[in-house]
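Student: One structure, as structure tokens, below. Some questions next.
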Amino acid sequence: MKPAATSPAPGDETKSVPLPQGWRCYMSPEGCRYYVNTGSKETTWERPSAAYGTPVGPPAQRNSLPEVNGTRYTTGSAMHPTDPPGVPLRRATMDKQNPGNNSPAKRQNKEIKETKITINCVTFPLPSVTPDQPEQQLLKPNEWSYCDYFWTDKKDPQGTPSVGGFEVLLQKQLKGKQMQKEMAEFVRERIKIEDEYSKNLSKLSQSPLAAQEEGTLGEAWAQLKRSCHDEAEVHLKFSNKLQCEVEKPLLTFRDNFKKELKKYDHHIIDLRKQLASRYAGVEKARKALADRQKDLEVKTQQLDIKHMNKHEEDIKKARRKSTQAGDDLMHNVDLYNRAQSKWFEEMVTTSLELERLEVERVEMIQQNLRQYTTLRHETDMFNQSTVEPVDQLLQSVDPAKDRELWVQEHKTGELRPVDMDI
């Protein structure tokens, strides 16, 4: 339904001046006035002046995008969903790259303090500058979760961003995969040692040495050689169990872990590349808008001097081009915000998946090392003291505590992305 025309508010001197011919004022669902030229279908948030239909008025208000994972993003350029069909509204745009623009709206925008900053194509909020601007809350408070502390890029000693926060997480997982491989190699070497030891004991038990000993001493000697054979069987059994119950599960889990990491790695990298491409589009559109606004300003100054009909037509063309450039910037910012929102969502879900995989890896290794110590106890009860310290340390394994200490040392930033403003 088309909004009804509205009258100026009492006491507003600007709106008490009659609109130029062909212009009508309407009220948006949020209670904001906008103006439509019934002839050219041109629309604007700024009130047209009586001279040549030039819009004058305050900058456009911001609209809000939907919440994503509890975070609301704002932008000054998103098209309002309830705009009249076929009549897109032209928002006033804050052009930071046009120092020659001296319009009142421009000067007013320059006085507004920046609340956001873009770093490596990702937009972040600046620290709160006003009491009414709430600070971001952690997604998982008191858990030291990966999804809260790796949004910005890690810097090298010179302060230059060198690797993305997700890459820091991924490198930790790759290191864990390598450690698991080395643990499996260690167990394999132990299996070889046990096999060789078992063979040597079995061979020694069949030695004819001192076989001629007689009497009770001879019986004792024969029993000793039989005990070597029995011990060889124990070590052979220990070797077989190590291979089936420790080494094989370690290698199997490592292969599956490797496949999971590859899937997440490529997906996040592709989304980050898409975000960088959208940011480049925004910057290009922003520059185009600055050029159009500068051209419009020059033509308006020429009209004030010469008052020629030809210049009036040039101004109308320049204004249409400026409007189109503003719409293009709005479109590019919307594409950027969508790409960043998708990257943000995938970063949250992927970091939580990496967190889950790491917990599974640590707990699986913990379980297999406990199995190793159990087999070791069964093999040699007399050397129980050599494995008790290992048991004690394995019982104290805590993936959450390990993650807390690691995050405190390697975190790159806990601020999450937000939409950029025009």
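Student: What residues have an amide H closer than 5 Å to that of F124, excluding those fewer than 5 places away on the same chain, when H is modeled at 1.01 Å from N in the peptide plane?
Tutor: The list, which skips near neighbours in sequence, is I117, T118, I119, V418.
Student: Using a cut-off of 10 Å between beta-carbons, work out the net charge of the residues near D328 (Lys and Arg +1, Asp and Glu -1, D328 not included).
Tutor: For residues surrounding D328, the net value is +2.
Student: Around T123, with a cut-off of 9 angstrom between Cβ atoms, what is the net charge of the other residues, counting Lys and Arg +1 and Asp and Glu -1?
Tutor: Here the charged neighbours net out to -1.
Student: Here's a follow-up. Order the following by accessible area, largest value first: Y146, Y372, Y197. Probe radius 1.4 Å; ligands, DNA and RNA are ignored.
Tutor: Working: Y146 5, Y372 40, Y197 95 Å².
The ordering from most to least exposed comes out as Y197, Y372, Y146.
Student: Could you sort the peptides 175-187, 333-345, 267-279 by per-residue average Cβ neighbour count (10 Å cutoff), highest mean leading?
Tutor: Details: 175-187: 15.3, 333-345: 20.3, 267-279: 17.1.
Answer by packing, highest mean first, reads 333-345, 267-279, 175-187.
Student: Each residue of segment 258-265 in order: what ³J(HN,Hα) in whole Hz does its phi give by Karplus 6.51 cos²θ - 1.76 cosθ + 1.60, θ = phi - 60°, with x for Gly and Pro?
Tutor: 4, 5, 4, 5, 4, 4, 6, 4
Student: With the full set of protein chains in place, find how many percent of the accessible area of segment 239-338 is carbon and sulfur; take the probe as 1.4 Å.
Tutor: 51 percent
Student: Oh, and also: Hey, which aspartates and glutamates would be in cross-link range of K225, C-alpha to C-alpha under 16 Å, not counting anything within fewer than 8 residues on its own chain?
Tutor: Within the straight-line limit of under 16 Å, K225 reaches these aspartates and glutamates: E213, E214, E233.
Student: List the pairs from K154/K401; K155/K342; K259/K284; K342/K401; K192/K258 whose alpha-carbon separation is above 28 Å, in the order I gave them.
Tutor: On the way: K154/K401 23 Å; K155/K342 25 Å; K259/K284 39 Å; K342/K401 30 Å; K192/K258 26 Å.
In this structure, K259/K284; K342/K401 lie more than 28 Å apart at Cα.
Student: Once the other residues with Cβ under 13 Å from the Cβ of W406 are scored (Lys, Arg +1; Asp, Glu -1), what is the net sum?
Tutor: That sum, taken over residues with Cβ under 13 Å, equals -1.
The values are calculated or read from the model by the stated rules, or taken from the named source; none is laboratory data. Because the structure is a prediction, the values reported are computed rather than measured. Every residue, glycine among them, receives a Cβ derived from its backbone with ideal geometry; neighbour counts consider all protein chains shown. Surface accessibility is based on the protein's heavy atoms, side chains included, excluding ligands, DNA and RNA. Shrake-Rupley method; radii C 1.70, N 1.55, O 1.52, S 1.80 Å.
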